[in-house]
Every structure is written in C-alpha cells, then in structure tokens.
Amino acid sequence: MHAFEFYQPTAITFGPGTEGQAGPKAAQLGARRVLVVYGGESARRSGLLDRVLASLEGAGLASGTFGGIHPNPRLFQAREGVQKALDFGADLILAVGGGSVIDAAKAIALGAADPEADLWDFWLRKRPVERILPVGAVLTISAAGSETSDSAVLTRDDTLEKRGLSSDLLRPKFAILNPELTYTLPPFQITCGVVDIMMHTLDRYFTSVTDNLLTDEIAEGLLRTVIACGRRAHENARDEQAMSELMWAGSLSHNNLTGLGAPKDFAPHQLGHELSARFDFAHGATLSAVWGSWARYCWETNPARFAQYGVRVWGLDPAAPAERTAREAIDRTEDYFRALGMPTCFTELGCGVLTQAELEELARRCTFHGQRTIGAFRVLGYEDILAIYQLANR
Ligand code: NZQ
Ligand code: ZN
C-alpha cells in the first residue's frame with residue numbers, strides 16, 4: 001500500500017425518510033439561519049423542498065430559499081446566491097438536489113464566507129480557499145458524488161470555461177441520502193449518473209501506480225455493483241435495492257476511497273468538461289462519449305491493467321492474452337454504455353460530427369490554452385487530446 005491521506009469529514013445519514021433529519025443536523029452544527037439551495041422544479045414538485053423546510057422549522061431554524069440552479073451550474077447564479085446568503089445572514093448553506101445544486105451551494109458558501117473575494121478567483125487558483133460556511137446536502141440523484149467530494153465545478157457563462165476547484169474545506173459537513181428521492185429521476189439522468197459513478201472510480205483505477213491491492217479490490221467491487229445495479233435501475237427506477245446501492249456507490253466513488261495510494265488520472269473528465277462547457281451536455285453523457293476513445297488511445301501504456309479490469313470487473317478469461325483481454329474490456333464497457341442508452345461518440349452525444357477547427361478549439365481549451373497537460377495513466381498534451389477527440393468524432 002502506497003502512502004496516502006484520506007479525509008472524509010462528511011456525516012452520512014442513509015435511508016428512507018432521512019430528509020426529516022435536515023433540521024436536527026443543521027442545528028447540531030450550531031446553525032440558526034439556513035439558506036436552502038435547489039434546482040429547477042424537481043425538488044419542489046416532489047414535495048421534498050417543503051419537507052426539508054418543515055424539518056428546519058421543526059428544529060427552530062430560520063430558512064431562506066434560492067432556487068433555479070441550472071445543471072452544469074453557472075458562475076453568475078453562484079454570485080447571485082452569495083448575495084442572497086449575505087442579505088439573509090445565512091450561517092449554513094443546505095443543498096437540496098444533485099451535483100449541480102451541491103456545487104452551487106459550495107460556491108455560495110465560499111463566497112459568503114469571503115465577500116470581498118471575486119468568486120471566480122478561487123477557481124483560477126488566484127485566491128486560496130481558507131474559510132467557508134458549513135454546507136449540508138440532501139441528495140436527489142446518484143451521480144456526481146459532490147455530497148462527499150472535495151470539489152465544486154462551475155461554468156463561467158461569458159467565456160464558457162468549465163472549471164473544478166478542490167479543497168477539503170469544500171466537503172459537506174453532512175449528507176442526507178434517501179434513495180427513494182431518486183425514484184422520480186428520468187431514465188436518462190439515472191444512466192448519466194451510473195456512468196459518472198463508474199468514471200469516478202475508473203479515472204482513479206487507470207493510474208500510474210497500480211499495486212495497491214485493497215484499493216483495487218474496493219474499486220473493482222464498486223464497479224461490479226454499479227454495473228449490475230445500473231442495469232436494473234435502467235429497467236426500473238423504483239428498484240429499491242438497485243437505487244439504494246447506486247446512491248451509496250456514488251458517495252464512495254468520489255470521496256477518494258477507490259483510488260487511495262495512487263495519483264488520480266481524470267483525463268476523461270477533463271475531455272468531457274470541454275464538451276459540457278461548449279454544448280451544455282449532461283456530464284455523464286460526455287464521459288461515456290469520450291471514454292472508449294480515450295481508452296483505445298491509452299491502453300497500450302499498460303495492457304495488463306486493462307486486462308485486470310476485464311477479468312475482475314467483466315469476468316473475462318484470465319488465461320487469454322492480456323492484449324486481447326484489454327481490448328475486449330474496452331468493448332464491453334462501451335457495449336454496456338450503449339445498452340443503457342448512453343452515447344459512445346459525438347453523433348450519439350448530439351453534437352454531430354465536428355469540424356477540424358472545432359476539434360482543435362476543444363483541444364486548446366482542454367489544455368487551458370497551452371497551460372497544462374491532463375492525465376496520470378498517460379500524460380496527454382494538445383496533440384494527444386486532439387487525437388482522442390478525433391477518434392470520438394463519428
Ligand atoms: O433542476 P432539477 O429540476 O432538480 O432537475 C435535475 C437536473 O435537470 C434533475 N434531477 C435531480 N434530481 C432529481 C431530478 N429530476 C427528478 N427527480 C430527482 N430526484 O436531474 C438533472 C441533473 O441534475 P444535476 O445536479 O445536474 O446532476 P448531477 O448530479 O449529475 O450533477 C452534474 C454536475 O456536477 C458536476 C458536473 O460537472 C455537473 O456540473 N460534477 C461535480 C463533481 C463534484 N463536485 O465533485 C464531480 C463530477 O465529476 C462532476 O464534474
Ligand atoms: Zn464526474
């Protein structure tokens with residue numbers, strides 16, 4: 001086992017009806033005035049928002065609301081939320097929703113704790129994260145893992161830059177996970193979530209350091225569970241066991257547990273973010289659209305690693321040559337995405353075949369205009385990124 005740091009301060013409350021714990025959990029943290037952040041209509045329509053507000057009231061807390069957070073949340077909305085939090089005098093920000101809402105809540109908590117700062121400066125690494133209001137989350141979709149992760153991803157509306165910010169201070173203080181809240185999800189959002197959960201582990205599994213035995217077992221077990229339950233959830237959004245396993249998997253897949261002792265790769269995520277930034281696609285769909293192309297471009301860096309993935313996750317023949325198993329593992333993964341109705345190339349994603357100039361622009365943006373490479377399994381520069389986008393461009 002290689003050296004690592006693991007910090008997971010988020011208190012998890014899991015099970016049916018647990019949204020009723022929102023008030024007591026916030027009160028335990030000493031909160032008195034809670035700003036509840038939510039998305040479009042789903043939380044209001046299902047009655048969840050009212051139940052959360054009632055729970056806060058029942059715990060003797062004042063509450064304000066800030067709704068309308070857009071999927072792939074925008075900087076301007078986070079700025080508005082900061083103002084709302086300051087005007088209301090919020091001392092805790094409670095997200096009721098998915099990754100977009102939780103990330104917006106994290107941004108609001110950051111901005112409200114440091115009102116002098118230009119919010120985007122945190123995402124540009126021009127300003128360090130030093131203080132933040134406490135954040136809680138009532139999760140409504142199993143996907144991004146923001147309810148336990150150290151990240152928040154925002155898109156700047158004018159330049160269409162999609163950027164992640166990471167700091168342990170961004171981890172929520174508590175997360176309430178009631179799988180029944182996910183029963184109202186449309187099938188496409190369920191499967192976007194399945195892909196994202198898989199990818200948070202795959203983007204750690206394919207890395208440059210590969211001899212952490214327990215980390216591998218945890219990662220492979222999580223992947224097998226998500227693959228099996230993802231199939232069932234795709235068939236039936238009310239499959240209690242499948243939906244609850246997915247919810248817990250989503251929180252474990254992105255809190256670092258499945259990648260301890262090795263650097264994170266996350267190249268497919270960076271490739272996908274440019275597609276969401278440019279076209280506003282759902283995050284999970286961008287990941288399935290690029291992953292196969294990334295894998296076919298990179299697998300020869302370590303065929304044995306891909307073969308291990310094929311054997312342990314997809315049940316492929318351990319006696320077969322590693323190269324063959326590696327390629328088959330990639331095919332199996334893409335077949336699975338397709339079976340869930342998820343895209344595996346740009347036309348399936350919905351942007352059609354892009355021009356060479358558009359691909360070059362995506363690749364340039366993905367390098368932050370020449371300021372960075374991406375990936376750890378294989379380090380990718382502009383030419384590599386362009387080649388992967390070209391492979392997916394069909
Ligand atoms: O806005 P509403 O009406 O709530 O609808 C949402 C939204 O349209 C809907 N939805 C959520 N829960 C529902 C529901 N509809 C019916 N019933 C429910 N129970 O689902 C749609 C997608 O919601 P969103 O929050 O955008 O989904 P997700 O959790 O996939 O979050 C995606 C965002 O998280 C970022 C992504 O880049 C993207 O911006 N990520 C955040 C990460 C992090 N903070 O650690 C890591 C991830 O890799 C990811 O980058
Ligand atoms: Zn993701």
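Some notes on this structure:
- Were the residues from Met1 through Glu360 laid out at 0.36 nm apart, the gain over their Cα-Cα distance would be 125.2 nm.
- Dimensionless Rg/Rh of segment 185-392 - Kirkwood Rh, Rg from C-alpha atoms: 0.95
- Within the shell defined by Cβ-Cβ distances under 15 Å, the residues around Ala304 carry a net charge of -2, with Lys and Arg each +1 and Asp and Glu each -1.
- Listed peptides 331-339, 307-315 by packing density, highest first (mean Cβ within 10 Å): 307-315, 331-339
- Think of segment 185-392 as having a plus end and a minus end, set by charges on the Cβ of Lys, Arg, Asp and Glu; of Gly292, Ile190, Thr258, Thr258 sits farthest toward the positive end of this dipole.
- Burial ranking of peptide ranges 45-55, 216-226 (average Cβ count within 10 Å, highest at the top): 216-226, 45-55
- Residues Ala117 and Val379, FRET efficiency given R0 of 30 Å [Cβ-Cβ distance, rounded to 0.05]: 0.40
- Per residue, the chain exposes an accessible area of 39 Å² to a 1.4 Å probe, with every protein chain left in place.
- Taking θ as phi - 60° and the Karplus parameters 6.51, -1.76 and 1.60, the scalar couplings of segment 66-75 work out to 9, x, x, 4, 7, x, 6, x, 9, 4 Hz in sequence order, x denoting glycine and proline.
- With R₀ set to 30 Å, the beta-carbon distance separating Ala304 from Ala387 gives a calculated FRET efficiency near 0.85.
- Rounded tilt (10° steps) of 99-113 against the dominant C-alpha axis of the chain: 50
- FRET E, pair Ser208, Arg232, Förster distance 30 Å, beta-carbon r, rounded to 0.05: 0.30
- The share of accessible area on the chain that comes from carbon and sulfur is 50 percent, using a 1.4 angstrom probe.
The values are calculated or read from the model by the stated rules, or taken from the named source; none is laboratory data. Everything numeric in this text was worked out from a predicted model, so none of it was measured. Here the Cβ is made from the backbone with ideal geometry for all residues, glycine too, and neighbour counts use every protein chain on show. Accessible surface areas use protein heavy atoms only, side chains included; no ligands, DNA or RNA. Shrake-Rupley method; radii C 1.70, N 1.55, O 1.52, S 1.80 Å.
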